[in-house]
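Participant: Let me begin by handing over the structure; questions about it come next.
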Amino acid sequence: MNIESLLDALGLEEDAARALADELRTQIDELQDRLRKTETHLEHLVITRKTITALADRLPVQSASPDRPEHPGYPRILTVFNEATGPLRARDVCQALDHELLPKNIEAARAKLKRLVKLNVLTEVGAGSFTGKQ
């Protein structure tokens with residue numbers, strides 16, 4: 001092997017390394033752009049949280065009615081029962097509320113229904129079947 005063939009091989013290696021370096025610089029530029037956009041989005045979310053928290057602090061405190069829990073899901077559940085023509089199960093409530101029929105969602109709905117029974121808002125007419133109070 002002569003010097004000229006070694007220099008040719010070295011030139012090929014240099015070209016490949018330059019191409020890889022250029023490709024990596026391009027990827028870095030793209031990642032930096034994505035990072036800037038994500039950081040801006042994060043800043044907006046932080047500002048939104050601060051604004052909502054500040055506004056919530058200004059709202060008058062509402063005392064919970066003994067027959068209505070404060071959780072925002074309860075009025076929606078009661079609307080489902082007001083529109084129902086018969087007893088509902090936790091799974092039915094999840095479907096009516098467009099929740100995924102996952103065990104954790106069904107169990108959460110069942111817990112809310114049981115709480116509404118304890119608060120005398122719903123009646124459990126059978127094992128796992130609930131109706132609204134008339």
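The values are calculated or read from the model by the stated rules, or taken from the named source; none is laboratory data. Worth saying up front: this structure is predicted, and the values here are computed from it rather than measured. Virtual Cβ from ideal backbone geometry, glycine too; neighbours counted across all protein chains shown. Quick note on the areas: whole protein, heavy atoms, side chains included, nothing else; ligands and nucleic acids left out. Shrake-Rupley method; radii C 1.70, N 1.55, O 1.52, S 1.80 Å.
Participant: Give me a count of the residues in segment 103-123 that are closer than 16 Å to residue 80 by Cβ and touching a residue at least 12 places away in the same chain (Cβ under 8 Å).
Facilitator: Within segment 103-123, residues that are closer than 16 Å to residue 80 by Cβ and touching a residue at least 12 places away in the same chain (Cβ under 8 Å) number 10.
Participant: Which condition number in (1) over 19 Å from the mean Cα position of the chain (by Cα); (2) open to solvent by 70 Å² or more (accessible area, probe 1.4 Å) is the one that residue 99 fails?
Facilitator: Against the list (1) over 19 Å from the mean Cα position of the chain (by Cα); (2) open to solvent by 70 Å² or more (accessible area, probe 1.4 Å), residue 99 comes up short only on (1).
Participant: Here is a list of conditions, (1) modelled with pLDDT under 85; (2) more than 19 Å from residue 124 (Cβ to Cβ); (3) open to solvent by 70 Å² or more (accessible area, probe 1.4 Å), and residue 65 meets all of them except one; can you say which number that is?
Facilitator: Looking at each condition in turn, residue 65 falls short on (3).
Yes or no, residue by residue, for (1) more than 21 Å from residue 124 (Cβ to Cβ); (2) out of contact with any Asp or Glu (no Cβ under 6 Å at 6 or more places or on another chain); (3) surrounded by fewer than 10 Cβ atoms within 10 Å (Cβ to Cβ); (4) modelled with pLDDT under 90:
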| residue | (1), (2), (3), (4) |
| --- | --- |
| 5 | yes, yes, yes, no |
| 23 | yes, yes, no, no |
| 59 | yes, yes, yes, yes |
| 71 | no, yes, no, yes |
| 74 | no, yes, no, yes |
| 85 | no, yes, yes, yes |
| 91 | no, yes, no, no |
